[in-house]
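Comments concern the structure below.
The values are calculated or read from the model by the stated rules, or taken from the named source; none is laboratory data. Just so it is clear, the structure is predicted and the values come from calculations on it, not from any experiment. Don't worry about glycine lacking a Cβ; one is built from the backbone with ideal geometry, like all the others, and counts go over all protein chains shown.
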Amino acid sequence: MVLPLNRLLMLGVLMLMAVGALSPNAAAEAPLRIVTEELPPYNMTQDGRVTGMSTEVVQAVLKEIGVEAPIHVMPWARAYELALNEGNVLIYSIARTPAREPLFHWVGAIAPTRWFLYSLAERPVKLSSLDDARHYQIATVNQDVGEQYLIAKGFRIGEQLQSSTKYEHNYRKLKVDHVEMWISNELNAQYLARQNGEDPAKVLIRSLPIPDLSSEEGLSMAFSRKTPAETVEKFRAGLEAIQRNGVYDAILRKWL
């Protein structure tokens, strides 16, 4: 059957539209996805609602720039994979390290952090250097910056490192003597001890500080590389705006 010319033209237009919908530019305009993990008190789920210090900063930026997007909480390794490989993905709270620098579009710092190797006061571990820690079992979280740091220093999962998906699992491992130490940032360690009904100053020992991971600008917001530059710049401007107008400082005072 021979189609009329106008039908052929219409089919051609439809085919071009279909090809355009599959193009990289169209994919880059996918809906914004915001991903994070359970890392109290920075990001956490309470009564079915995502909250926390970093979450409030992200929500303040969204309000400032007039953007609405849901926040998805998932295991860190899954969130990290999405941000590495998918388009239009915003991830937080992520530590900005030299190894991660080229992997993301960095928006800016949203929370301070200090990292330590912790042991229990009832079973204290004394370390003079990181090398001393190679003789102990250490709890880590899969693909988080603490685990990545120790692996980069020659530690191995299954040998010295016991990897899990949640920070609270690691605190329990430490408490029941499944591990001798736990790498964590300070606010998270203190929060989990208090949630367990304990005084962190009495139950936790800072066996070794990790200065390479510690900074007043330690945790950030970052976009996947497959995100349009204008989106990244819009969020940078929003973060800078709440830092200028006092909203950012008010959030930190509330949680620190």
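Tabulated data
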item	result
Spans of helices (runs of 4 or more DSSP H) in the range 196-256 with at least 1 residues without any contact (Cβ under 8 Å) to a residue 12 or more places away in the chain and in contact with a Leu (Cβ under 9 Å, 6 or more places away or on another chain)	200-203
All positions within the range 170-186 that are surrounded by 21 or more Cβ atoms within 10 Å (Cβ to Cβ) and either assigned to a helix (DSSP H, G or I) or assigned by TED's automatic domain parsing to the domain that holds residue 36 (or both)	170, 171, 174
Entirely in the range 1-62, the strands (runs of 3 or more DSSP E) that have 2 or more residues that are at pLDDT 95 or above, touching a helix residue (DSSP H, G or I) at 6+ places or on another chain (Cβ under 7 Å) and at negative phi	33-36
Hits in the range 146-167 (condition: surrounded by 17 or more Cβ atoms within 10 Å (Cβ to Cβ) and charged (D, E, K, R))	147
Residue tally, condition part of a strand (DSSP E or B) and either of a type outside the set (S, T, N, Q) or within 15 Å of the chain's Cα centre (by Cα) (or both), over the range 107-143	17
Hits in the range 117-131 - residues which are among the hydroxyl-bearing types (Ser, Thr, Tyr) and either buried (at least 17 other Cβ atoms within 10 Å of the Cβ) or on the phi > 0 side of the Ramachandran plot (or both)	118, 119
Qualifying residue in the range 233-244 (condition: surrounded by 16 or more Cβ atoms within 10 Å (Cβ to Cβ), in contact with a helix residue (DSSP H, G or I) (Cβ under 6 Å, 6 or more places away or on another chain) and farther than 24 Å from residue 41 by Cα)	yes
Filter result (in contact with a helix residue (DSSP H, G or I) (Cβ under 9 Å, 6 or more places away or on another chain) and closer than 30 Å to residue 85 by Cβ) within the range 194-217	210, 212, 213, 214
Which listed residue is surrounded by fewer than 20 Cβ atoms within 10 Å (Cβ to Cβ) and farther than 19 Å from residue 217 by Cα, from 34, 65	65
All positions within the range 220-230 that are under 20 Å from the mean Cα position of the chain (by Cα) and over 16 Å from residue 60 (Cα atoms)	223, 224, 225, 226, 227
Residue under evaluation residue 93, criteria (1) in a strand (DSSP E or B); (2) surrounded by fewer than 22 Cβ atoms within 10 Å (Cβ to Cβ), criterion not met	(2)
The listed residue being of a type in the set (Ser, Thr, Tyr), out of contact with any helix residue (DSSP H, G or I) (no Cβ under 7 Å at 6 or more places or on another chain) and outside the structural domain of residue 93 (by TED's automatic domain parsing), out of 149, 191, 167	191
